[in-house]
Amino acid sequence: RPPHRIRASVQAESSSLLKVTFDVAGSEFVRWPGMASGTALAESRVRRDELWKETCFECFIAGRDSSYTEWNFAPTGDWACYTFASYRTGMMSPSVNAPSVTRGDLPSQFEILFSPALGDVRARSALHLSLPAVIVEVGSAEPFYWALNHAGARPDFHLRESFSLKLES
């Protein structure tokens, strides 16, 4: 069992903004790339691919159809956003506003405020979400893939069956 744990939550902040919070227990065991001992966010906060290769937090969001949006958030504040027409197909990098990634009340807590790229959140009857995380420990090259629900035989955050949170308007 890993010496760290993840707690995640989501709430609609307005008709077009979501707030996702990730809290990492056992954060001293986590490798925080680009951060001095996990204590400060970087100043760059740029859109960047392949964040999943290091410690990062993610949010997958879908409505009723097969399309979905994937957001990646690095603890440094760097981020990425992709839309998919269906399971791992039709990937695009939409033009979206950068999210706000800030530290929470605890040093190992990250709060992310963003527009989910789905239009008016409250106009939809429901959003289906997954809040996974990729955690790489100090001294390890193999990541842990955290999710509320791993629907497949192996961790695959893109599986629609893994979108186990429902946010109703």
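We did not get these values from a lab; they are worked out from the coordinates using the rules stated. Note that the coordinates shown come from a computational prediction; the quantities given were computed from them, not determined experimentally. Reconstructed Cβ throughout: ideal geometry from the backbone, glycine too, with neighbour counts over all protein chains shown.
Observations, loosely collected:
- At R0 = 22 Å, FRET efficiency that the Cβ-Cβ distance of F29 and K166 yields, to 0.05: 0.10
- If only the Cβ of Lys and Arg carry +1 and only the Cβ of Asp and Glu carry -1, the dipole of the chain around its Cα centre is close to 260 debye.
- Descending principal axes extents, the chain, alpha-carbon based, whole Å: 42, 36, 26
- Extension gain from Q11 to V46, taking 0.36 nm per residue of separation minus the Cα-Cα distance: 10.2 nm
- Compared with the alpha-carbon gap, the fully stretched path from S67 to V96 is longer by 8.8 nm at 0.36 nm per residue.
- Among T69, V101, S27 - extreme Cα towards positive end, dipole of the chain, charges at beta-carbon: T69
- For the stretch 73-87, 3J(HN,Hα) per residue [Karplus equation, 6.51 cos²θ - 1.76 cosθ + 1.60, θ = phi - 60°, Hz, x = Gly/Pro]: 10, 7, x, 6, x, 5, 8, 8, 9, 9, 10, 10, 6, 7, 3
- With at most 14 other Cβ atoms within 10 Å, longest stretch of the chain clear of loop trypsin sites (Lys or Arg not before Pro) (DSSP): 89-169
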